[in-house]
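Here's the structure we're looking at; comments come further down.
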Amino acid sequence: QKGHGPTAQPDLPIEPVVCVLDDCTCTVCGGDLRVLAEQFEESELISSVRRTFVLKEVKRQKYACGGCGTLCAAPGPMRLVAGGRYDVGFAVQVALDKYLDAMPLERQVRKMRRVGLQVTSTTLWDQLHMLYLLLLPSFLALQERVRAEQILNIDETRWRMMGKGKSKTWWLWVLAGATGVIFDLQPSRGSLACKSLLNGFSGTLIADGYTVYSSLEKAFSLQGEQLSLDGNHLPQPDFTLAMCWMHARRGFIKAEKKGDTKAPEVLELIGQLYAVEALAKERAQGDAEALARHRRRLRTQRSQKLIDQIQVWCAAQRTLPGTQLHQAIQFVNARWPSLRVFLSDPRIPLDNGEAERQIRNPVVGRKNYYGTRSERGARVASLFFSLIQTCTSQGVDPHGYLTEAATRARRTAGAVYLPHEHPTSSSQRS
């Protein structure tokens, strides 16, 4: 069978390897072989370079002033902490291994030991925390930048807070927009935790059917712009809730799996909604402005009619209370204003898939290192999840970005450097 051929590798560094004969004697007649200038048989070979660690013996040359006798020394290489033993790049790699590739610190310790580095998980954690402190101003600036957007996706999932002899359920919240992603680990799934994440956000919020979102949407008009809870003043978010059609569809999918004969009818209509979105994306060919134009036209021509058909279908059904189809219809009927919001703005996607995609990588990590051991660990995890996922969503190399951001912060305390300021992978190649 024919394969798909070799996959292009534009991001790999190229190392030329020239192969020559040690014995230039012809194997056929025994004559001398002459070199054919600039003629080669060419191929590619992908090789793995094993990670290594180097102990650099730093010698800073000392100087003495011939006039006053003042002593000084040449500056040494930058360290993560003044007087420390590890550089910025070491801490960045530890952060990426844990928060991007889901490798617990103890597993990193064993991997490092195999190549000669003797280190403890406590030492690795110390490097992560110092890197966190350097990057904190950039993280706070990223939060402001994301919350200033007009359209955001939100989602939440369970997170384990491990304690002595007993674990608690915390929640990992995610707020995803076009310019970045914010993660926040909170002990609650309630309105106060959500309000803390949104922090006065004013725009359109795309979410699932969780009641906290709808209650916060209503709370602005009922309670005003400022709400005081336990002495904490948090800006009351003033947003328009756009309900996710992916979640609206799930109840009907469950009904179909249980053998309901009516559910396929509405699933076909919802499928046509997604077909409209796919057609707009196909016609736009990656152009954001073109996508908005095609969405606006196609939604007016097709999606509006489909939404009306779905609403009429739901109103016409007679179902038994307690059945899966009855629950699915009740779920949708209670949220029609939010389910129709996407028709008013072509920038609003049909579902909340972006937030679910962004939260997937931390969920993989949760399965590997089981959760977090302290509130400080929760804050550190929130920062690295946010900056790393923002990099990956923006096409930025997270290693290069974190290294540059931390280096700037070491040179100038409080320096802010955001992922969108760092060159993307494509610009670096060009």
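Here are the numbers for this structure:
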read-out: Among [x] 62, 44, 41; [y] 88, 76, 46; [z] 58, 50, 38, the entry derived from the coordinates for Cα extents along the principal axes in Å; value: [y]
read-out: With DNA, RNA and ligands ignored, accessible area of Thr412 (1.4 Å probe; Å², nearest 10); value: 80
read-out: Where trypsin sites (Lys or Arg not before Pro) in DSSP loops with at most 13 other Cβ within 10 Å are excluded, longest remaining stretch of the chain; value: 319-430
read-out: Nearby lysines by direct alpha-carbon distance to Lys59 (threshold 30 angstrom, same-chain neighbours under 8 apart not counted); value: Lys111
read-out: Projected label distance in nm at Arg318 and Arg379, using a 7 Å step from Cα toward the beta-carbon; value: 6.1
read-out: Sites Glu144 and Thr7 - FRET efficiency at Förster radius 51 Å, r taken between beta-carbons, to 0.05; value: 0.80
read-out: Per-pair calculated FRET efficiency, R0 = 25 Å: Ser47 and Val364 via Cβ, rounded to 0.05; value: 0.35
read-out: Accessible area (Å², 1.4 Å probe, nearest 10) - Tyr210; value: 50
read-out: Neighbourhood net charge (15 Å Cβ-Cβ; Lys/Arg +1, Asp/Glu -1) for Cys24; value: -2
read-out: Gain on full stretching of the segment that runs from Gln330 to Ser121 - 0.36 nm per residue minus C-alpha separation; value: 70.2 nm
read-out: Normalised convex hull volume, the stretch 293-341, alpha-carbon set, Å³ per residue; value: 68
read-out: Solvent-accessible area, 1.4 Å probe, carbon plus sulfur percent, for the chain; value: 51
read-out: Lys, Arg +1 and Asp, Glu -1 on Cβ, resulting dipole of the chain about Cα centre, debye, nearest 20; value: 1560
read-out: Convex hull volume of the stretch 110-215 per residue (C-alpha atoms, cubic angstrom); value: 154
read-out: Exposure of Tyr417 as accessible area (Å², to 10), given a probe of 1.4 Å and all protein chains; value: 10
read-out: Cα-based helix-to-principal-axis angle, 353-369 vs the chain, degrees rounded to 10; value: 60
read-out: Computed Rg/Rh of the stretch 45-179, alpha carbon atoms with Kirkwood Rh; value: 1.11
read-out: Qualifying lysines (Cα of each under 16 Å from Cα of Lys254; at least 8 residues distant if same chain); value: Lys262
read-out: Sum of side-chain charges, Leu185 neighbourhood, beta-carbon under 14 Å (Lys, Arg +1; Asp, Glu -1); value: +4
read-out: Potential lengthening between Thr157 and Leu21 on full extension [0.36 nm per residue; Cα-Cα distance subtracted]; value: 42.8 nm
read-out: Rounded accessible area per residue of the stretch 11-135, 1.4 Å, Å²; value: 79
read-out: Mean separation of Cα contacts under 8 Å (6+ apart) over length of the chain, as relative contact order %; value: 19
read-out: Long-range tail of P(r) for the stretch 69-135 (Cα pairs > 19 Å, %); value: 37
read-out: C-alpha long axis of helix 263-284 to longest principal axis of the chain, angle in °; value: 50
read-out: Cα gyration tensor shape of the stretch 343-430, rounded if a/c is under 1.5, else prolate or oblate by comparing a/b with b/c; value: oblate
read-out: Cα gyration tensor shape for the stretch 235-310, rounded if a/c is under 1.5, else prolate or oblate; value: oblate
read-out: Distant alpha-carbon pairs in the stretch 293-415 (separation over 21 angstrom), percent; value: 64
read-out: Cut-off 12 Å between beta-carbons: net charge of the residues surrounding Gln317, Lys and Arg +1, Asp and Glu -1; value: 0
read-out: Part-to-part distance (alpha-carbon centres) for the stretch 252-323 and the stretch 1-69, which is given in Å; value: 56
read-out: The stretch 106-144 and the stretch 145-205: distance between their alpha carbon centers, rounded to Å; value: 23
read-out: Mean Cβ neighbour count within 10 Å, used as a protection proxy, ranking 122-134, 266-278 highest first; value: 122-134, 266-278
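The values are calculated or read from the model by the stated rules, or taken from the named source; none is laboratory data. Bear in mind the structure is a predicted one, so any value in this text is a computation, not a measurement. Don't worry about glycine lacking a Cβ; one is built from the backbone with ideal geometry, like all the others, and counts go over all protein chains shown. The protein model used for the area step is the full one, side chains on, heavy atoms only, and it has no ligands, DNA or RNA in it. Shrake-Rupley method; radii C 1.70, N 1.55, O 1.52, S 1.80 Å.
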